Every structure is written in structure tokens, then in C-alpha cells.
1. Among residues belonging to the stretch 164-203 that are part of a loop (DSSP other than H, G, I, E, B) and within 23 Å of residue 133 (Cα to Cα), point out the one that is modelled with the highest pLDDT.
2. Any idea which residue in the stretch 204-232 is surrounded by the most Cβ atoms within 10 Å (Cβ to Cβ), counting only those that are without any contact (Cβ under 8 Å) to a residue 12 or more places away in the chain and in a helix (DSSP H, G or I)?
3. Of the residues that sit in the stretch 129-146 and are at pLDDT 75 or above and within 20 Å of residue 69 (Cα to Cα), which one is surrounded by the fewest Cβ atoms within 10 Å (Cβ to Cβ)?
4. Within the stretch 42-59, take every residue that is free of Cβ contacts under 8 Å to residues at least 40 places away in the same chain and not in a strand (DSSP E or B) and give me the one that is farthest from residue 18 (Cα to Cα).
5. I need a count of the residues in the stretch 1-19 that are in a strand (DSSP E or B) and modelled with pLDDT of 80 or more.
6. Is it true that some residue in the stretch 237-244 is closer than 22 Å to residue 335 by Cβ, buried (at least 22 other Cβ atoms within 10 Å of the Cβ) and modelled with pLDDT of 95 or more?
7. Being at pLDDT 90 or above and either surrounded by fewer than 14 Cβ atoms within 10 Å (Cβ to Cβ) or over 20 Å from the mean Cα position of the chain (by Cα) (or both) is the requirement here; does residue 285 meet it?
8. Regarding residue 266, is this residue modelled with pLDDT under 85 and buried (at least 19 other Cβ atoms within 10 Å of the Cβ)?
């Protein structure tokens with residue numbers, strides 16, 4: 001049987017990779033799990049294993065050439081003498097037939113525009129892209145329990161994220177225990193706490209709710225948007241640790257920790273500061289309602305770099321939160337309180353709130369974390 005080796009999906013921002021070196025030459029026997037080639041992206045160089053045993057018969061992409069994710073790059077056969085597609089063409093091989101868009105969709109194509117080859121290689125321990133393997137390790141999920149929607153049942157990063165949400169919905173305590181234990185053990189946390197003046201926030205919220213009685217804003221809504229704006233100002237905090245590399249995020253997405261019917265749910269919010277207030281608040285109402293009834297969808301390919309957890313509504317003055325797996329930091333929001341303050345030699349009461357930022361010290365330093373907290377205060381003051 002002929003098998004086509006494909007260029008795996010190497011992550012959300014890696015649409016293609018360069019073949020640096022083939023570790024096998026045509027005619028060599030290849031075992032399952034054996035390193036087959038080295039690939040280079042703009043972020044990392046790594047070896048890619050074969051997911052099928054057989055004999056390497058043809059290289060469709062030479063060393064030094066680029067290949068799109070999910071495109072064919074080589075051919076394996078079960079036996080060394082077996083005729084393979086294109087072997088009857090003197091001095092080369094024929095182009096591999098491409099699937100139509102409808103066929104690609106039936107195979108679970110990701111919609112990235114890359115053709116989906118048939119007779120896919122990739123099946124071993126189990127079949128998954130490198131990005132999916134890394135994300136599953138971060139979340140503490142077992143790949144052999146996941147259903148893949150990629151070609152030939154390939155598990156993708158999106159499948160891992162969908163499995164996390166499904167597991168949270170069906171049995172919230174188990175994944176929460178596994179994730180928090182893994183984060184606390186693997187991530188070197190450090191914490192910074194500041195008290196921010198929220199008088200401007202409360203005044204703005206009071207005016208908004210008075211003029212928009214059907215679309216009221218909560219304190220949490222305002223803090224989430226201010227945090228997203230601060231991420232844009234301090235991009236060095238919009239990072240996450242992945243496979244020994246610093247992975248920078250291009251959007252200011254936020255992962256919101258929400259109390260649902262069965263426990264805590266992690267809800268990805270796509271760039272809360274990207275749309276006008278009206279649209280943002282309408283989207284938040286829908287997302288939060290879905291989360292409370294365990295209807296969260298895997299709307300993002302990768303976990304946001306920043307998590308936000310709020311216990312202020314329960315009267316908690318200050319707390320430290322565990323960084324969710326896949327994130328680089330988490331912002332803990334305490335309760336708003338009145339405090340006596342002195343300004344210009346005058347005493348008066350101010351509305352204050354304690355913010356505690358937990359950061360992954362592998363990718364974030366103290367100065368970056370401090371600047372991020374300063375920018376949150378700045379955006380609250382500008383309301």
C-alpha cells in the first residue's frame with residue numbers, strides 16, 4: 001500500500017515549514033516513531049517522527065524547500081519492491097492528485113487552504129500534529145482519548161481545545177484538579193499586587209448603565225477590556241511558554257474563569273478591546289450565558305496568554321490565582337472597597353481594588369508585569 005507523508009500542522013502561526021534535512025533516504029526502512037526529517041519554522045527547529053512504518057520511496061519536497069502545512073512531502077510503501085504512484089514516470093514522480101474542497105471537508109480539513117492528501121501516513125501513538133501534542137501536554141490531556149477531525153483522524157490543536165471544554169462540561173472537578181495540579185507543579189509563579197483607584201470606573205459604569213438600561217456593564221466587563229488594552233500596550237506580557245520557546249500572541253485574547261452549573265469553566269474571549277463597547281458587551285452576555293450552561297465552544301485555536309479570575313463579587317479583598325495551562329499570566333480581581341486616602345493634605349474616601357498578577361517567570365519578568373499593572377490603571381483613569 002502507498003502512504004503519503006504530510007507536513008504536519010506546527011501551530012497556529014506556522015502555516016509552512018522548511019525541510020532542513022531528510023534523516024532517511026529513498027529505499028530506507030522507516031519504523032513507527034522514528035525521526036524522518038527536520039523542519040524549520042519561524043519559531044522552532046524540530047524533528048518530525050513517522051507515524052507509519054514502511055519504506056521511504058520518494059521525496060516530494062527536497063531539502064531547503066518550503067512546504068505548506070497538511071501538504072504531501074514524501075511517499076512510503078509497505079514493501080521495498082511495491083510500485084508507488086509516479087514511479088512509472090522516468091526520472092521523477094507525477095503530481096499527487098488534489099482533493100476537492102468538499103472532499104477535504106469530509107475528511108475534516110482545517111480550512112487552511114492546503115490540499116488534503118489521501119492514504120495519509122501519520123498513525124502511531126496516536127496520530128496528532130506536534131502543536132496538538134504540545135497543547136495536550138500543557139493541559140494534562142491524553143491524546144489517545146481524543147477524536148481527531150483532521151485528515152485520516154489526525155488530532156489537531158483545535159481538537160485538543162474542544163476536548164478540554166467538553167471534559168469541563170461533563171466532569172468539571174476532574175479536569176480542574178488535573179490542570180491546577182499541573183500548573184502549580186510545572187509553572188514557576190511569581191506575584192505582584194497593586195491597589196488601583198476605581199472611582200473613574202464606577203462613575204463611567206453608572207453613566208453607561210443609566211443611558212443603556214438594556215445593555216448594562218459590569219465591573220468585570222470593564223476590567224477585562226482594560227486588561228486587553230494593557231496587553232496591547234505591553235506585548236511582552238502577551239506571551240506563553242511552549243516546548244522551551246517563547247510563543248508571542250498577535251491578538252489580545254483573554255481567558256476568563258467563570259463559575260458554571262458544575263464548577264469552574266475556562267472561557268476564551270476574542271480580543272475584548274477590538275470592538276466598540278456595544279458589540280463587546282453583547283458578545284460578553286452571550287459568551288457568559290453559554291458558559292454558565294456548559295455551552296462553551298472552542299472559538300480560538302490556542303489558549304490566550306492572559307487569564308482573568310474575579311472573586312471580588314464574593315467580598316474577597318485579595319487573592320492569588322493559579323495560571324491556567326497554556327497561559328503566561330493570570331489577573332486576580334479583588335473586591336472594590338472604600339479606603340481613607342490623603343491627597344493634597346486632604347483626607348477623603350476613595351474607591352480602591354486590589355489586583356494581583358500571577359506570571360510565569362520563564363517568559364515574564366517583574367518589570368514587564370509591573371508595567372502591565374500600571375497600564376490597567378491608566379486605562380481605568382481614561383474612562
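1. 188
2. Selected residue: 209.
3. That would be 133.
4. 53
5. Narrowing the stretch 1-19 to residues in a strand (DSSP E or B): 2-6, 16-19.
From what is left, the residues that are modelled with pLDDT of 80 or more are 2-6, 17-19.
Here the count works out to 8.
6. Within the stretch 237-244, not a single residue is closer than 22 Å to residue 335 by Cβ, buried (at least 22 other Cβ atoms within 10 Å of the Cβ) and modelled with pLDDT of 95 or more.
7. Yes: the conditions hold for residue 285.
8. So residue 266 fits the description; yes.
The values are calculated or read from the model by the stated rules, or taken from the named source; none is laboratory data. These numbers come from a predicted model, not from an experiment. Glycine gets a Cβ as well: all are built from the backbone with ideal geometry, and neighbour counts include every protein chain shown.
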